[in-house]
Amino acid sequence: MDPELADWLAATPLEADEDATIEESREISGRAHLLAGQRLNPALIPASETDQVLDGPAGPLPVRVLRPAGPARPRPTAVYFHGGGWIAGTIDTHLHHARRICTQAGVVVVSVGYRLAPEHPFPAAFEDAVAATEWVAQHTEELGGEPGTLILAGDSAGGQLAASVAIARRDAGQPVAAQLLLYPVTDVAGRYADPEINARYMSRRTVGPGYGLTMPGMVTFATTYVDEESATDWRVSPMRAPDLAGVAPAVIHTATLDVLRTEGNFYGDALRRAGVRVISREWPTLNHSYFGFGGVSAVADSAAAQAAEDLRELLAGGGN
């Protein structure tokens with residue numbers, strides 16, 4: 001493991017103990033992300049950040065609009081969904097994720113504060129993600145966005161939301177230019193407790209504790225968010241979609257020291273088999289959540305910057 005990240009994790013846990021309450025889990029995860037965000041390079045702060053509240057499917061739905069510096073011209077627009085296992089994370093804890101995408105990819109970013117479980121179980125987060133994406137699509141020009149260049153982005157559980165919304169928009173005939181999926185959840189069937197399903201994904205068996213995300217943690221996240229019957233639904237398990245042909249081109253980044261590594265890599269393989277353009281990378285010395293730790297680790301910083309470069313390449317027609 002990258003030594004800078006290892007030192008950080010030793011002092012700053014990312015995951016609560018198995019017997020922790022939801023509020024304790026949110027506090028521990030949120031504190032780690034906020035502390036890491038304070039170390040972000042000040043050059044990665046956008047020109048403007050504006051909070052708004054949308055009329056969501058079940059009430060107010062907060063979003064934050066980030067605009068990059070530079071000439072006033074229409075830019076691609078990314079809808080960003082934060083990680084946190086569907087039970088934690090906020091617009092604030094993952095602000096530095098959105099800031100990096102905005103400034104390094106040169107895009108308008110709309111970060112979405114979707115509803116969390118257990119107060120709002122599946123499919124609440126997905127429904128909010130769809131609604132926020134539709135709002136952005138309808139207001140692209142007034143946001144400073146470029147019509148027809150909509151991006152769906154997210155990390156971890158947020159990567160799952162981005163991938164599932166991309167499928168939904170494909171089904172609805174609503175175009176998406178690209179997906180940016182950072183160590184995404186892609187297969188929740190079995191809710192990380194089914195030995196047969198887990199055996200299909202090597203990293204679930206080989207990545208042990210000490211890297212910030214554990215299999216027991218994923219069991220807690222999945223069982224809190226979705227019931228067993230619904231866990232095979234593509235709205236939470238995009239890998240289980242009957243057909244992936246025609247979904248948006250994707251950038252997929254994974255980390256070797258992450259229990260989600262294999263399912264993220266397999267999702268890239270499945271997209272390629274369906275004829276979707278993909279740019280994928282796996283970072284051998286990094287762990288889950290590394291995208292938010294650019295201020296902690298030079299290696300993580302470089303990997304996160306590469307995601308923005310890959311997104312620009314994908315929008316220009318790259319990928320295979």
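Here are some notes:
- With the helix formula -39500 (n - 2.57) applied to DSSP H stretches of n ≥ 4, the chain reaches a computed 222 nm mean residue ellipticity of -11500 deg cm²/dmol.
- Taking amide H atoms as placed 1.01 Å from N in the peptide plane, the amide H of G56 lies under 5 Å from those of L61, each 5 or more residues away in sequence or on another chain.
- Loop-located GluC sites (Glu not before Pro) in the range 1-57 (DSSP state other than H, G, I, E, B) with a sparse environment of at most 11 neighbouring Cβ atoms within 10 Å: E18.
- On a per residue basis, the chain carries 39 Å² of accessible surface, using protein heavy atoms and a 1.4 Å probe.
- Unit Cα scatterers, Debye sum, the range 128-278: log10 I(q)/I(0) for q = 0.13, 0.15 Å⁻¹: -0.57, -0.75
- According to the Cα-based calculation, Rg over Rh for the range 111-205 is 1.04, with Rh computed by the Kirkwood formula.
- Centroid-to-centroid separation of the range 11-46 and the range 268-297 [C-alpha atoms, Å]: 21 Å
- GNM remark for the chain: springs join alpha carbons under 10 Å apart, and the peak mean-square fluctuation among L182, L152, L271 falls on L271.
- Phi to ³J(HN,Hα) by Karplus 6.51 cos²θ - 1.76 cosθ + 1.60 over the range 11-20, Hz, x for Gly, Pro: 9, 9, x, 9, 10, 6, 5, 4, 8, 6
- Over the range 50-101 - Rg/Rh using Cα atoms and the Kirkwood inverse-distance radius: 1.00
- The fraction of accessible area contributed by carbon and sulfur in the chain is 50 percent, rounded to a whole number (1.4 Å probe; ligands and nucleic acids excluded).
- Computed from backbone phi, the HN-Hα couplings of the range 271-276 come to 5, 4, 4, 8, x, 8 Hz, rounded to whole numbers (Karplus: 6.51 cos²θ - 1.76 cosθ + 1.60, θ = phi - 60°; Gly and Pro given as x).
- Radius of gyration over Kirkwood radius for the range 209-261, both on Cα atoms: the Rg/Rh ratio is 1.03.
- Along the range 131-145 the Karplus relation, 6.51 cos²θ - 1.76 cosθ + 1.60 evaluated at θ = phi - 60°, assigns HN-Hα couplings of 5, 5, 5, 5, 4, 4, 4, 7, 10, 4, 5, 6, 7, x, x Hz to successive residues, with x for each Gly and Pro.
- Relative packing of peptides 298-309, 167-178 - highest average C-beta neighbours within 10 Å first: 298-309, 167-178
- Spatial extent of the range 1-89: Rg and Dmax, with the Cα atoms as the point set, Å: 16.9, 51
The values are calculated or read from the model by the stated rules, or taken from the named source; none is laboratory data. Predicted model only: the values in this text are computed from it and were never measured. Counting neighbours? That spans all protein chains shown, and the Cβs are built from the backbone with ideal geometry, glycine included. Heavy atoms of the whole protein, side chains included, go into the accessibility calculation; ligands, DNA and RNA do not. Shrake-Rupley method; radii C 1.70, N 1.55, O 1.52, S 1.80 Å.
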